[in-house]
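The values are calculated or read from the model by the stated rules, or taken from the named source; none is laboratory data. None of the values given here were measured: they were computed from a predicted structure. In this analysis, Cβ positions are derived from the backbone assuming ideal geometry, glycine residues included, and neighbour counts consider all displayed protein chains. Just so you know, the surface numbers come from the protein's heavy atoms only, side chains and all, with ligands and any DNA or RNA stripped out. Shrake-Rupley method; radii C 1.70, N 1.55, O 1.52, S 1.80 Å.
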Amino acid sequence: LDTATCVPFSTQNFNRSETVEIPCGSCVTMDVAGDLIFENGVDVQGKLVFPATRQALTITTPYVFVQGKLVIEALTDNIIPQPDKELVFHFVGSNPVIFTSHHNQTYGKCDGGCNMSKKPFVVAGGSLDIQGMHDDCRTWSRLLSVNEAGSATMNAIAPAPSSRDGCSDVLVNESFDDATTAIIEGVWDGYGASSTVHPDGYLSVTDRTSGHHAPRVHLPFECITPNAPYLVTFRYRYR
């Protein structure tokens, strides 16, 4: 593929209402700008190059398969952003896509077809070469103009409200370091699942059967001050 002579995409008369196949052993350079719609996807079996001199392009497609080589070259100009040369892939469709590997694929895992779900970008036996910006690319932009903003105005932060009579400033504080089931009873639970306090200092929730099953804390509503901000912190243990 690296020795193949590249030809412009616009000269190949691809039928974009069918799957657009970049043929095995060939090289195609994308020279189209604007909007490009592949109604039935694109299968890169050869080599597809988005050159450094490309113009802005949005590709709308239900899928992209790369069995050969897909190359996105670094832009020529060493400055970002460059919206006039932006490359966008817009994936559409709600139906599963079946990928069938090329008959010359070494392993042929999907020669009978593999379900890739919807909107896939699949590199199967090929390679994806996305080249970043140059090392000396400027990541800043010059200001077009500057206006005098005047002196800054500082807004005072409202003081924290006083706790209600008989209540602490801290609504709940539990490390579970020495907690027992009796201590957390009525305060912590698993909300639809089983909850357990472990001797080494954590609460676990098990037997979850729904996405909303999770640790739950019962706050003392009689101590909550309306319209007051509260700080919530917690540590999560991954098992």
Looking at (1) farther than 20 Å from residue 6 by Cα; (2) part of a loop (DSSP other than H, G, I, E, B), which is the only condition residue 54 fails?
(1)
Looking only at residues in the stretch 1-32 that are part of a loop (DSSP other than H, G, I, E, B) and touching a helix residue (DSSP H, G or I) at 6+ places or on another chain (Cβ under 9 Å), which one is surrounded by the most Cβ atoms within 10 Å (Cβ to Cβ)?
30
When only residues in the stretch 41-60 that are free of Cβ contacts under 8 Å to residues at least 24 places away in the same chain and not aliphatic (A, V, I, L, M) count, which is most open to solvent (accessible area, probe 1.4 Å)?
53
Please identify the pairs in which a residue from the stretch 170-182 that is open to solvent by 70 Å² or more (accessible area, probe 1.4 Å) has its Cβ atom under 6 Å from the Cβ atom of a residue that is at pLDDT 60 or above, counting only partners at least 6 apart or on another chain.
177/201; 181/197
Here is a list of conditions, (1) surrounded by 14 or more Cβ atoms within 10 Å (Cβ to Cβ); (2) closer than 19 Å to residue 18 by Cα; (3) in contact with a strand residue (DSSP E or B) (Cβ under 6 Å, 6 or more places away or on another chain), and residue 63 meets all of them except one; can you say which number that is?
(3)
Residue that is at pLDDT 80 or above, open to solvent by less than 70 Å² (accessible area, probe 1.4 Å) and β-branched (Val, Ile, Thr), where the choices are 217, 187, 232:
217
Restricting attention to the stretch 88-139, the residues that are of a type in the set (A, V, I, L, M) and surrounded by 14 or more Cβ atoms within 10 Å (Cβ to Cβ) number exactly 6
Find all pairs meeting these conditions: Cβ atoms under 8 angstrom apart; at least six residues apart or on different chains; first residue within the stretch 203-221 and farther than 19 Å from residue 187 by Cβ; second residue open to solvent by 40 Å² or more (accessible area, probe 1.4 Å) and among the polar types (S, T, N, Q).
207/194
Residue 205 fails exactly one of the following numbered conditions: (1) among the aliphatic types (A, V, I, L, M); (2) at pLDDT 80 or above; (3) exposed (fewer than 10 other Cβ atoms within 10 Å of the Cβ). What is the number of that condition?
(3)
Quick check: anything in the stretch 74-81 in contact (Cβ under 8 Å) with a residue 12 or more places away in the chain, out of contact with any helix residue (DSSP H, G or I) (no Cβ under 6 Å at 6 or more places or on another chain), within 25 Å of residue 37 (Cβ to Cβ) and open to solvent by less than 70 Å² (accessible area, probe 1.4 Å)?
no
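Residues are listed down the side, and each one gets a yes or a no for (1) out of contact with any Lys or Arg (no Cβ under 8 Å at 6 or more places or on another chain); (2) among the acidic types (Asp, Glu):
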| site | (1), (2) |
| --- | --- |
| 56 | no, no |
| 86 | yes, yes |
| 97 | no, no |
| 106 | yes, no |
